[in-house]
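Every number here is computed from the coordinates shown, using simple stated rules; none is lab data. Computed from a predicted structure; not experimentally measured. Heads up, the Cβs are rebuilt from the backbone with ideal geometry, glycines too, and the neighbour counts pull from every protein chain shown.
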Amino acid sequence: MAQKRPRDQRVVRNRRVAIYTFLLILTLFYISAHRTVQKEREMEALRAETAAEGPGEQVKELAEGWPEEVVGGQTGGQPKEPVQEQPEGLPGARVYKERGEMDADGGLKILPEDMWCLILTNAEYPVPEDYEVELESIPGTEQSVDKRIYEPLMAMIGDMKAQGLSPIVCSGYRTLDKQEKLFNRKVLSFVKAGHTKEESYNLARQTISIPGSGEHCLGLAVDFYTRRYHKLERAFEDTPESKWLVEHAQDYGFVMRYGENKTDITGIQYEPWHYRYVGVEAANYMKDNELFLEEFYIEQSLYG
Ligand SMILES: [Zn+2]
């Protein structure tokens, strides 16, 4: 018995060590799993917030009274240069109505009266405060657009439907007020996910136009869902509706406004669902020359 005792003690000690080690590993594992779940929940919430960018139904659900200014001191909406009057002395004297003419001449002629649909808004160029738009409701939705683009939009949707496709306009015109609420909400979602206010502001401004700007506030842009795909996410590009739009939208005067790998130019991330009316001639020209609106402005000397 006397000989066995030390061994027994060793065994007991070893068992204790083993049990404590096991408990420690179990605790660490639990903490790690808990953190992963928490992170996933945050990401899920973030994805849900991101999807809320456009759809009217979700916009309606927004709680009133978000803080006026989420990010102290950062308005971001001040243009580097004030918004200019429509540039005078635009090149050329006519707008081509036929693509053949346009191609034969090798260039595009823009008249000042056609600038209404080429108006630019981005972080540098806010929507003019006195901007007014006459709206037309899109049947079967709660959305509306500038009356002047109603016909080409409906023609495009009609032709898509005739091909068996099912585009749904989930976001059209939006007031500046609504735009600001959406933006503030987006900033908060990034803050909640653990980013600093500054980081959150900068992340938000890549996914949604900053207060004071935004194509939806012009009434010249729409976001598309499809009957089967209800998200404003990258995978929209894989839907047949998106593929059709990429190929044909320009013939109705629409362009994909925020292209892939164009964030440094447009300031907004890739949005395959967001289409903007610029007129048939400009849309075809932009498509042929692979220009996005900011690049088109430089190429056509449209900056005032
Ligand atoms: Zn949009």
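In summary, LEU153 fulfils each of the numbered conditions (1) closer than 28 Å to ARG228 by Cα; (2) surrounded by fewer than 20 Cβ atoms within 10 Å (Cβ to Cβ) with the single exception of condition (2). Of all residues in the range 250-264, those that are within 13 Å of LEU118 (Cβ to Cβ) have Cβ atoms under 9 Å from Cβ atoms of residues that are within 12 Å of the ligand (Cβ to nearest atom) and assigned to a loop (DSSP other than H, G, I, E, B), 6 or more apart or on another chain, in ARG257/ILE268; ARG257/GLU271.
Do we have GLU281 as within 16 Å of the ligand (Cβ to nearest atom), surrounded by fewer than 22 Cβ atoms within 10 Å (Cβ to Cβ), touching a residue at least 24 places away in the same chain (Cβ under 8 Å) and not in a loop (DSSP other than H, G, I, E, B) here?
Details: within 16 Å of the ligand (Cβ to nearest atom): no; surrounded by fewer than 22 Cβ atoms within 10 Å (Cβ to Cβ): yes; touching a residue at least 24 places away in the same chain (Cβ under 8 Å): yes; not in a loop (DSSP other than H, G, I, E, B): yes.
The answer is no for GLU281.
Annotation: of all residues in the range 252-265 being more than 15 Å from LEU218 (Cβ to Cβ) and under 20 Å from the mean Cα position of the chain (by Cα), the one that is nearest to the ligand (Cβ to nearest atom) is MET256. Looking at (1) of a type outside the set (A, V, I, L, M); (2) more than 13 Å from the ligand (Cβ to nearest atom); (3) in a helix (DSSP H, G or I), find the lone condition where CYS217 falls short. CYS217 satisfies every listed condition except (2). The number of residues in the range 155-181 being without any contact (Cβ under 8 Å) to a residue 12 or more places away in the chain and at negative phi comes to 4.
Would a scan of the range 239-247 turn up a residue that is closer than 17 Å to GLN143 by Cβ, outside any helix (DSSP H, G or I) and touching a strand residue (DSSP E or B) at 6+ places or on another chain (Cβ under 9 Å)? No: zero hits. Here ARG205 meets each of (1) charged (D, E, K, R); (2) within 15 Å of the ligand (Cβ to nearest atom); (3) under 23 Å from GLU142 (Cα atoms) with one exception, condition (3).
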